[in-house]
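Here is the structure we will look at.
The values are calculated or read from the model by the stated rules, or taken from the named source; none is laboratory data. A quick note: this is a predicted structure, and the numbers were derived from the prediction, not measured. Positions of Cβ are generated from backbone atoms using ideal geometry, with glycine treated the same way; all protein chains shown enter the neighbour counts.
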């Protein structure tokens, strides 16, 4: 890390409000060259809003921004770019049918002097140079559509550097990356830091914060509540600052919960190119964790059980009776609910209201001779808002306006309203803060105590170990291990996921 001199960007008493509600309240931040500055807090704490203010997406009604000690006005992202500021979004902002080079220089393409035509050789040469500065070997002529999310994100960073950005604002850049891709990204972040860039890094994964940050600023309810040196603090203190109270445990699975009858059984399920010969059982009152590396086929098994993917062979039994599940409607009829991995694309209709998202799967129960009963529908939605402690203004607001953790609670509300006996949760706490994560875990324990069978897919080993009565592990489309509570450990699960241990027949 370079020696601090003076901040390259500062915010002073920044305020921001939406529809009368203050989401940023007097925030002061200093961003120094040669430093990775982590910004942490619960969903809705105001972190992303602060970055969008610095990047020119939002114009604050009060406060000021200074760049190199001089007060500036940043009315739009183009002006931010001219000041050397770039925002790297969680989801890459790519033009999929254009090449890597065209995405790097979009809006700033080099042209031939005097004729105005695109200077393709220069664009390819400069693209190679900026990609090489990041340690990347991407072909500038490759179309973006064929790249992984991680590589698309690297192209976003290359685009920022091509505009001479010296301040990189990174909002949840690791949310969709595998562990190997995260480490690759961290290598690039460290390289840019050592070259003098000022980097802001937002993540809900505290292990990442401690791995990459030189300084940590904690926000809560729109305000800065603390600043810490990561070498002089720990995760417990950061969590306490984030939620405003000691958080003794994130996991609240009741101990000694009795396990009942088999509610769902899969026998030798196969789906071409996704998974083969999957057999499992889910019992009443049991939380079964499904672990494995990305691409092992876990999500596909969940989708097949819910009727999204068609099976090539195998049998599904509900309460001991063979059933045919060809569509989600069939699964719902057998008391199965499914919380998908991607809540925004698969779990919610983002422009629609919270109320409509909650009641969508159960609309017939609020209808009489074809007419909706709005009062009953609203009462049901509001009861789940209260039960799951969803933070909102009103149930009629668009679900897109909620934080990620509260959006996840809306997805859960939607399926709990169907009164399921079996619930499949695919990465139920991905991308949500520690407070919301604790709420989801509390709810999972509550569901198990009510005799509901829960299948939880998670890539977070602490979550799997703490919440599961039993863990099954997938590798390359096959079930390779089954551990009960007394057998499971992080080392054994990871050994099974990587092929070093197998407890089931090949």
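Checking the condition touching a helix residue (DSSP H, G or I) at 6+ places or on another chain (Cβ under 9 Å) and closer than 18 Å to residue 96 by Cα, which residue from 141, 145, 126 passes? Before you say what the answer is, go through the steps one by one.
Values: 145 fails: touching a helix residue (DSSP H, G or I) at 6+ places or on another chain (Cβ under 9 Å); 126 fails: closer than 18 Å to residue 96 by Cα.
Exactly one residue qualifies, and that residue is 141.
Of the residues 340, 351, which is in contact (Cβ under 8 Å) with a residue 12 or more places away in the chain, closer than 26 Å to residue 463 by Cβ and touching a strand residue (DSSP E or B) at 6+ places or on another chain (Cβ under 8 Å)?
The unique qualifying residue is 340.
Identify the residue in the range 470-488 that is under 25 Å from the mean Cα position of the chain (by Cα) and assigned to a loop (DSSP other than H, G, I, E, B) and, among all such residues, is farthest from residue 279 (Cα to Cα).
476
Among (1) closer than 21 Å to residue 363 by Cβ; (2) in contact with a strand residue (DSSP E or B) (Cβ under 6 Å, 6 or more places away or on another chain); (3) exposed (fewer than 15 other Cβ atoms within 10 Å of the Cβ), which single condition is residue 322 missing?
Tallying (1) closer than 21 Å to residue 363 by Cβ; (2) in contact with a strand residue (DSSP E or B) (Cβ under 6 Å, 6 or more places away or on another chain); (3) exposed (fewer than 15 other Cβ atoms within 10 Å of the Cβ), residue 322 fails exactly one: (1).
Taking the residues in the range 137-169 that are within 30 Å of residue 29 (Cβ to Cβ) and more than 25 Å from the chain's Cα centre (by Cα) as candidates, determine which candidate is modelled with the highest pLDDT.
166
Among the residues of the range 266-275, what is the count of those that are surrounded by fewer than 18 Cβ atoms within 10 Å (Cβ to Cβ) and not in a loop (DSSP other than H, G, I, E, B)?
Within the range 266-275, residues that are surrounded by fewer than 18 Cβ atoms within 10 Å (Cβ to Cβ) and not in a loop (DSSP other than H, G, I, E, B) number 3.
Out of everything in the range 347-364 that is in a helix (DSSP H, G or I) and surrounded by fewer than 15 Cβ atoms within 10 Å (Cβ to Cβ), what residue ends up being nearest to the chain's Cα centre (by Cα)? Talk me through it step by step, then tell me what you get.
Initially, the range 347-364 is screened for residues in a helix (DSSP H, G or I), giving 347, 354-364.
Among the residues that remain, those that are also surrounded by fewer than 15 Cβ atoms within 10 Å (Cβ to Cβ) are: 360, 363-364.
Working: 360: 24, 363: 29, 364: 32 Å.
Across the range 347-364, the extreme among qualifying residues is 360.
Can you find a residue that is more than 30 Å from residue 41 (Cα to Cα), assigned by TED's automatic domain parsing to the domain that holds residue 278 and either in a strand (DSSP E or B) or modelled with pLDDT under 90 (or both) anywhere in the range 449-460? Walk me through how you get there before you give the answer.
Here is the first cut: in the range 449-460, the ones more than 30 Å from residue 41 (Cα to Cα) are 449-453.
From the residues that got through so far, the ones that are assigned by TED's automatic domain parsing to the domain that holds residue 278 too are 449-453.
After this cut, where a residue has to be either in a strand (DSSP E or B) or modelled with pLDDT under 90 (or both) as well, the list is 453.
Scanning the range 449-460 turns up at least one residue that is more than 30 Å from residue 41 (Cα to Cα), assigned by TED's automatic domain parsing to the domain that holds residue 278 and either in a strand (DSSP E or B) or modelled with pLDDT under 90 (or both).
Within the range 295-337, which residues are touching a residue at least 24 places away in the same chain (Cβ under 8 Å) and more than 30 Å from residue 405 (Cβ to Cβ)?
Within the range 295-337, 310, 311, 312, 313, 314, 315, 316, 317, 318, 319, 320 qualify.
Looking only at the range 281-311, count every residue that is in a strand (DSSP E or B) and farther than 22 Å from residue 261 by Cα and tell me the total.
Keep residues of the range 281-311 that are in a strand (DSSP E or B), which gives 281-283, 287-291.
This time we only want the ones that are farther than 22 Å from residue 261 by Cα, so: 291.
Adding up the residues that qualify gives 1.
How about the range 1-82: which strands (runs of 3 or more DSSP E) wholly inside it have at least 3 residues that are out of contact with any strand residue (DSSP E or B) (no Cβ under 8 Å at 6 or more places or on another chain) and buried (at least 16 other Cβ atoms within 10 Å of the Cβ)?
Details: elements: 9-18, 21-31, 35-40, 62-67, 70-72.
Of the strands (runs of 3 or more DSSP E) lying wholly inside the range 1-82, none has at least 3 residues that are out of contact with any strand residue (DSSP E or B) (no Cβ under 8 Å at 6 or more places or on another chain) and buried (at least 16 other Cβ atoms within 10 Å of the Cβ).
Evaluate the range 216-239: report whether one residue or more is outside any loop (DSSP other than H, G, I, E, B), closer than 27 Å to residue 16 by Cα, in the same structural domain as residue 23 (by TED's automatic domain parsing) and modelled with pLDDT under 85.
The first filter runs over the range 216-239 and keeps only residues outside any loop (DSSP other than H, G, I, E, B), leaving 216-220, 223-228, 230-232, 235-239.
Still in the list and also closer than 27 Å to residue 16 by Cα: 216-220, 223-228, 238-239.
Subset that is in the same structural domain as residue 23 (by TED's automatic domain parsing): 216-220, 223-228, 238-239.
Now restrict to residues that are modelled with pLDDT under 85: 239.
Within the range 216-239, one or more residues are outside any loop (DSSP other than H, G, I, E, B), closer than 27 Å to residue 16 by Cα, in the same structural domain as residue 23 (by TED's automatic domain parsing) and modelled with pLDDT under 85.
So which residues in the range 365-388 are exposed (fewer than 14 other Cβ atoms within 10 Å of the Cβ) and outside any helix (DSSP H, G or I)?
Scanning the range 365-388 gives 367, 368, 369, 370, 371, 372, 373.
With respect to the numbered conditions (1) buried (at least 17 other Cβ atoms within 10 Å of the Cβ); (2) in contact with a strand residue (DSSP E or B) (Cβ under 7 Å, 6 or more places away or on another chain), which one is the sole condition not fulfilled by residue 204?
(2)
Would you please name the residue that is farthest from the chain's Cα centre (by Cα), looking only at residues in the range 420-441 that are surrounded by fewer than 22 Cβ atoms within 10 Å (Cβ to Cβ) and modelled with pLDDT of 95 or more?
421
If you scan the range 489-501, which residues turn out to be assigned to a loop (DSSP other than H, G, I, E, B) and closer than 18 Å to residue 294 by Cα?
Step one: filter the range 489-501 for residues assigned to a loop (DSSP other than H, G, I, E, B), giving 489, 498-501.
Across the range 489-501, the qualifying residues are 498, 499, 500, 501.
A quick yes/no check of all residues on (1) touching a residue at least 60 places away in the same chain (Cβ under 8 Å); (2) touching a strand residue (DSSP E or B) at 6+ places or on another chain (Cβ under 9 Å); (3) loosely packed, with under 15 Cβ neighbours inside 10 Å:
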position	(1), (2), (3)
101	no, no, no
107	no, no, yes
121	no, no, yes
131	no, no, no
136	no, no, no
140	no, yes, no
144	no, yes, no
